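The block underneath contains the structure these notes are about, expressed in structure tokens.
No value in this document is a laboratory result; all are computed from the given coordinates. Everything quoted here is computed from the prediction, not taken from an experiment. Cβ atoms come from the backbone with ideal geometry, glycine included; neighbour counts cover every protein chain shown.
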Amino acid sequence: MTTTPLEQLPIPLVEWFAENARVLPWRSDPTPYHVWVSEIMLQQTRVAAVLGYYRRFMDEVPTVAELAILPEERLMKLWQGLGYYNRARNLQKAARQIMDEFGGVFPQRYEDIRSLSGVGDYTAGAIASIAFGIPVPAVDGNVLRVVSRINADESDISLTSTKEQVRAQLEQIIPVQDASRFNQGLMELGATVCLPNGAPLCEQCPAKGFCRARLTERTDSLPVKAQKKKRRVEERVVFLLFRDGQVALRRRPGKGLLAGLWEFPNELAPAANTLSQWGIDTQDSTLIGTGKHIFTHVEWRMTAYAVQVETQELPEGWVWADRSELERQYAVPNAFRSFEKTVKERLGYF
């Protein structure tokens, strides 16, 4: 009987992963909690960027029970810089679900894991297979790319129907006794060998002998993915307001982009008379430069001014933060990183 390319994958993939897997802290101790936190952090984020955050998070919040009661302000501070902050909020909601609905014990059934806040099919599959050895697929972008190249499948991987098709194919071949290494092997292959940008490292791939994209020289055209809609561009003016070794912060609304985080006050350009409308008297104002930050659906192009302020009172919902408070208490998103040097200079970091 003739086998399909994908049916030839399990044994060489598991062997390849055993020899080539990166040493990562959540792999060294794959408890459900560790796997879960790492998978949430890794959404939309590279492994190299996650490592430090993961270690700090585990040092301070080593259990589900401690995560469930962690003050939100502290949770946001621990997450500061990782972006996609709703991931952290859903992580805590799920921790409270585990405490309330599962007696504080991480659920072991796929369906129960999938019911947790912020946990989709991929994350549930990853936790179920890696932490509990349950043979269910975990289909993310890396896996879709690997499978589409092995099969030379020209289906659009951004479509739900394609993801469901790939999931069904993997359900047929995932090793019952080795689900963890199979799923992790697929993820690792997509992250380190079957690369998304630039040429894949086909000579290092355990599927090189039967990968149809390689054999037909189509790795550069696969996978097929529909072009994303163009991002909306917003021109914004950022005001870095300083007084007596402090900088002004305001809290963003509880819903929407960067919900509930602290930011340097800013407005859509042009922002004429903004400071007077806020009731803020100034001594001087200096243009310090521009910055850009790209979100999923919008791009901020920012022009920033450093403003020395006479007024002590701020609008409702704003605070003055000194160096210590900025470091330990208030979570300011990476969108404002372009202006970090000026803030640190004014607050006496150097």
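Using the Cβ atoms and a cut-off under 13 Å, what net charge is assigned to the surroundings of ALA18, where Lys and Arg are +1 and Asp and Glu are -1?
-1
Return the sequence-ordered ³J(HN,Hα) values of the range 262-272 in whole Hz as given by the Karplus equation 6.51 cos²θ - 1.76 cosθ + 1.60 applied to θ = phi - 60°, using x for Gly and Pro.
8, 9, 6, x, 8, 9, 4, 6, x, 10, 4
Could you give the dipole magnitude of the range 304-350 about its Cα centre, charging the beta-carbon of Lys and Arg +1 and that of Asp and Glu -1, in debye to the nearest 20?
About 320 debye.
When the chain is treated as a GNM, springs tying every alpha-carbon pair under 10 Å, which of ASN197, ASN20, ASN183 comes out with the largest mean-square fluctuation?
The residue that fluctuates most here is ASN197.
So what is the calculated 222 nm ellipticity per residue for the chain, using -39500 (n - 2.57) for each DSSP H run with n of 4 or more, over all residues, to the nearest 500 deg cm²/dmol?
-12000 deg cm²/dmol
Once you list every other residue whose beta carbon is under 13 Å from the beta carbon of LYS93, what net charge do they have if Lys and Arg are +1 and Asp and Glu are -1?
Every neighbour counted, the sum reads 0.
Charges at C-beta only: +1 for Lys and Arg, -1 for Asp and Glu. How large is the resulting dipole of the chain about its Cα centre, in Debye rounded to 20?
Using only the charged Cβ atoms, the result is roughly 620 debye.
So what is the orientation-averaged projected area of the range 246-350, using the convex hull of its C-alpha atoms, in nm²?
Reported value for the Cα convex hull: 7.0 nm².
Quick one: among THR219, THR296, THR274, which has the greatest mean-square fluctuation in a GNM of the chain with alpha-carbon springs under 10 angstrom?
THR296
Sequence gap at least 6, Cα distance under 8 Å: using those rules, report the relative contact order of the chain to the nearest whole percent.
Value for the chain: 16 percent.
Rounded to a whole number of µm²/s, how large is the Stokes-Einstein D of the range 136-267 at 4 °C and 1.567 mPa s, given Rh as the Kirkwood radius over C-alpha pairs?
Answer from the Stokes-Einstein relation: 71 µm²/s.
Using Cα pairs closer than 8 Å and at least 6 residues apart in sequence, work out the relative contact order for the range 23-91, in percent.
32
So for the chain, what are the equivalent ellipsoid semi-axes in whole Å, largest first, each being the square root of 5 times an eigenvalue of the Cα gyration tensor?
45, 24, 17
Tell me the relative contact order for the range 82-201 as a rounded percent, counting alpha carbon contacts under 8 Å between residues six or more apart.
Answer for the range 82-201 is 22 percent.
If you build a Gaussian network model of the chain, linking Cα atoms that sit under 10 Å apart, which residue out of PRO265, PRO333, PRO315 swings the most?
So, out of PRO265, PRO333, PRO315, the one fluctuating most is PRO315.
Any idea how far the Cα center of the range 157-199 sits from the one of the range 78-115, in Å?
Answer, in whole Å: 24.
Applying a 10 Å radius around every beta-carbon, put 184-194, 158-168 in order of their mean neighbour count, most first.
Listed from highest to lowest mean packing, they are 184-194, 158-168.
How long is the gain from PHE102 to ARG252 if the chain were fully straight, where each residue apart is worth 0.36 nm and the alpha carbon distance is subtracted?
Gain on extension, PHE102 to ARG252, equals 50.6 nm.
Can you compute the modelled spin-label distance between GLU60 and ALA21, with each label point 7 Å from Cα toward Cβ, in nm?
2.9
To the nearest 0.05, what FRET efficiency results for GLN312 and GLU235 with a Förster distance of 25 Å applied to their C-beta separation?
The value I calculate is 0.25.
Give the aspartates and glutamates whose C-alpha is closer than 15 Å to that of LYS77, dropping any in the same chain fewer than 8 places away, or say none.
Answer for LYS77, where 15 Å is the Cα cut-off: ASP59, GLU60, GLU263, GLU325, GLU327, listed by chain and number.
Between the alpha-carbon centers of the range 4-62 and the range 275-350, tell me the distance in whole angstrom.
Value for the Cα centre distance between the two parts: 36 Å.
Can you spot the aspartates and glutamates whose alpha carbon is less than 20 Å from LYS208's alpha carbon? Ignore those fewer than 8 places along the same chain.
GLU7, GLU15, GLU19, ASP153, GLU154, GLU188, GLU217, ASP220
When the dipole is taken about the Cα centre of the range 40-90, and only Lys, Arg (+1) and Asp, Glu (-1) are charged at their Cβ, what size is it in debye, to the nearest 20?
For the range 40-90, the charge dipole is close to 220 debye.
Under a cut-off of 17 Å between alpha-carbon atoms, report the aspartates and glutamates in cross-link reach of LYS229, not counting same-chain residues fewer than 8 places apart.
Candidates past the 8-residue exclusion: ASP156, GLU299.
With a/c under 1.5 counting as rounded, go ahead and sort the range 39-140 into rounded, prolate or oblate using the C-alpha gyration tensor (a ≥ b ≥ c being the square roots of the eigenvalues; past the cut-off, prolate if a/b is larger than b/c, else oblate).
Since a/c reaches 1.5 but b/c is at least a/b, the shape of the range 39-140 is classed as oblate.
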